[in-house]
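Trainee: I am attaching a structure below and will ask some questions about it afterwards.
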């Protein structure tokens, strides 16, 4: 299967933070941000695969700064790595004070998706071709993230199994 440049999957989404999006501190609900992240990452993965995808995992999500009422929230995502049927997507979240133009990076996350067919079976995806320094950095560090994800899943699965009697 022929590879695709990461730039072809790059997706940007911007929204205005309104009162219904915020908690009693006047900052956006973390769950709302996580929903935006999952949505943009899924769009990005589908752009790359040109197939339906399902979310498999989200790496640790760190909120670095709040996004405040009246600010714009902007998310940018691109495919960083693929492996057979899986697609890793990096998402960067920023806020913008629309009155001053100040932009703050408020969080980031890696999500993994699996491409599926009409029966929900795993489906192969094309390799990703990094072109920029940023894309190469994410690509080069992806195998280690994948290894850690697999270990984390195995450990969680082991803990969920009933004890042997």
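Values in this text are rule-based calculations from the coordinates and carry no lab data. The structure displayed is predicted, hence computed values, not measured ones. FYI the Cβ positions are ideal-geometry reconstructions off the backbone, even for glycines, and counts take in every protein chain you see.
Trainee: Under the 0.36 nm per residue contour assumption, what length would be gained going from the current alpha-carbon distance of residue 43 and residue 12 to full extension?
Mentor: Extra length available between residue 43 and residue 12 comes to 10.2 nm.
Trainee: Could you tell me the extents of segment 4-160's C-alpha atoms along the three principal axes, largest first, rounded to whole Å?
Mentor: Dimensions of segment 4-160 along the principal axes of its Cα atoms: 45, 40, 31 Å.
Trainee: Could you tell me the distance between the Cα centroids of segment 81-121 and segment 1-31, to the nearest Å?
Mentor: For segment 81-121 versus segment 1-31, the Cα centre distance is 8 Å.
Trainee: Please work out the FRET efficiency for the pair residue 136 and residue 92, using the Cβ-Cβ distance as r and a Förster radius of 22 Å; give the result to the nearest 0.05.
Mentor: After rounding to 0.05, the efficiency reads 0.85.
Trainee: For 141, 82, 100, what's the fewest-to-most ordering of other Cβ within 10 Å of each Cβ?
Mentor: With the sparsest Cβ surroundings first, the list reads 100, 141, 82.
Trainee: Moving to a separate point now. What number results when the radius of gyration of segment 61-133, computed over Cα atoms, is divided by 2.2 N^0.38 Å?
Mentor: In units of the globular-protein estimate, segment 61-133 measures up at 1.45.
Trainee: Moving to a separate point now. So which residue, out of 151, 76, 96, gets the largest mean-square fluctuation from a GNM of the chain using Cα contacts under 10 Å as springs?
Mentor: Largest GNM mean-square fluctuation: 151.
Trainee: With springs connecting C-alpha atoms under 10 Å apart, model the chain as a Gaussian network and identify which of 155, 134, 71 has the largest mean-square fluctuation.
Mentor: The residue that fluctuates most here is 155.
Trainee: Sticking with the crude label model, points 7 Å out along Cα→Cβ, report the distance from residue 159 to residue 117 in nm, one decimal please.
Mentor: 3.6
Trainee: How would you rank 87, 43, going from fewest to most other Cβ atoms within 10 Å of each one's own Cβ?
Mentor: Ordered from fewest to most neighbouring Cβ atoms within 10 Å, 87, 43 come out as 43, 87.
Trainee: Continuing with this model, one more query. Hey, in the GNM for the chain with a 10 angstrom Cα cutoff, which one of 44, 132, 85 fluctuates hardest?
Mentor: Maximum fluctuation in the GNM of the chain, among the listed residues, is at 132.
Trainee: Once you put a point 7 Å from the Cα of residue 103 and another 7 Å from the Cα of residue 2, both along the Cβ direction, what distance in nm separates them?
Mentor: Between residue 103 and residue 2, the label points sit 3.3 nm apart.
Trainee: Using alpha-carbon pairs under 8 Å, 6+ residues apart, how would you state the relative contact order of the chain in percent?
Mentor: After rounding, I find 26 percent.
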